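Reading through the structure tokens given below for one structure.
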Ligand SMILES: [Mg+2]
């Protein structure tokens with residue numbers, strides 16, 4: 001029987017688990033003229049394509065193109081690697097995966113029990129940038145299409161790139177004797193294509209249900225807690241890394257949480273110290289559960305302002 005290390009109890013709202021969606025579901029469509037021009041330009045020269053292509057969306061420009069985003073990634077990956085190196089050296093007593101039925105507000109964590117150490121990473125927009133598929137959607141002027149995405153999971157090897165800082169960070173993590181495991185919501189029927197994509201990007205070689213876990217490997221759909229539990233059978237997980245909170249723990253994706261309530265849950269005193277210290281989040285302004293909120297969620301009435309004249 002597993003020992004449970006109870007770290008803290010804090011009264012705060014309890015969040016029930018819901019299935020998170022972390023696939024690229026929000027890619028804003030461009031206008032019809034851009035779509036038509038993209039279609040007509042398939043056989044055109046590169047310069048003609050450039051002239052007719054729609055402007056990249058600001059979020060795409062920032063994430064995939066900017067030096068600022070690249071530097072944030074490198075900074076974060078360096079922090080992750082330093083944390084893992086230090087943690088591996090101290091023989092930790094417990095990991096950072098929330099135990100079954102515990103919550104961010106009232107957490108408990110599995111004891112290590114002498115198991116080998118692992119760091120668990122999401123794949124999309126955590127280890128790799130899906131620039132090939134995103135560029136296709138943009139050229140065609142379409143939003144996210146699950147059928148096309150399924151094809152991307154199978155055939156995208158070589159057209160997704162490693163996130164800046166990831167390769168150096170993973171090298172340090174592996175050198176510290178910590179196993180790198182991927183927990184992604186790509187479909188398990190496409191395990192081979194995803195492993196090929198990760199390998200082609202230089203992330204490493206992964207084996208399905210050993211170091212690569214996908215949607216369908218546990219019965220909770222796009223929720224990742226079930227797969228984290230399976231991984232924890234064989235490893236003490238000392239780091240969780242992703243671009244969505246569902247990569248850390250499913251209760252953060254409770255769809256009944258308001259925008260401010262979701263933020264408040266991440267600030268629960270019992271787990272607030274884990275961010276940057278076992279739990280790591282990378283920026284993704286393009287898609288996912290973070291992209292939400294009505295006008296007053298984003299611009300609270302108490303901040304209303306207008307020019308004085
Ligand atoms: Mg992701």
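A few comments on the model shown:
- Selected residue (only one of 63, 71 is within 16 Å of the ligand (Cβ to nearest atom), farther than 22 Å from residue 250 by Cα and modelled with pLDDT of 95 or more): 63
- A single member of 126, 103 is more than 16 Å from the ligand (Cβ to nearest atom) and in a loop (DSSP other than H, G, I, E, B), and it is 103.
- Flag: residue 251 does not match the condition of being more than 14 Å from the chain's Cα centre (by Cα), more than 14 Å from the ligand (Cβ to nearest atom) and farther than 15 Å from residue 104 by Cα.
- Selected residue (criterion: farthest from the ligand (Cβ to nearest atom)) from residues of the stretch 235-248 that are within 18 Å of residue 102 (Cβ to Cβ) and in contact with a helix residue (DSSP H, G or I) (Cβ under 9 Å, 6 or more places away or on another chain): 238
- Lone unmet requirement of (1) surrounded by 17 or more Cβ atoms within 10 Å (Cβ to Cβ); (2) over 26 Å from residue 272 (Cβ atoms); (3) at pLDDT 95 or above; (4) more than 16 Å from the ligand (Cβ to nearest atom) for residue 150: (1)
- The residues of the stretch 254-289 that are outside any loop (DSSP other than H, G, I, E, B) and within 14 Å of the ligand (Cβ to nearest atom), listed by number, are 280, 281.
- Screening 288, 293 for residues that are more than 17 Å from residue 106 (Cβ to Cβ) and within 17 Å of the chain's Cα centre (by Cα) leaves exactly one candidate, 288.
- Taking the listed residues 113, 168, the one that is surrounded by fewer than 22 Cβ atoms within 10 Å (Cβ to Cβ), more than 16 Å from the ligand (Cβ to nearest atom), modelled with pLDDT under 95 and over 22 Å from residue 286 (Cα atoms) is 113, with no other qualifying.
- Scanning the stretch 230-265 for residues that are touching a strand residue (DSSP E or B) at 6+ places or on another chain (Cβ under 9 Å) and surrounded by fewer than 17 Cβ atoms within 10 Å (Cβ to Cβ) returns 230, 234.
The values are calculated or read from the model by the stated rules, or taken from the named source; none is laboratory data. Just so it is clear, the structure is predicted and the values come from calculations on it, not from any experiment. FYI the Cβ positions are ideal-geometry reconstructions off the backbone, even for glycines, and counts take in every protein chain you see.
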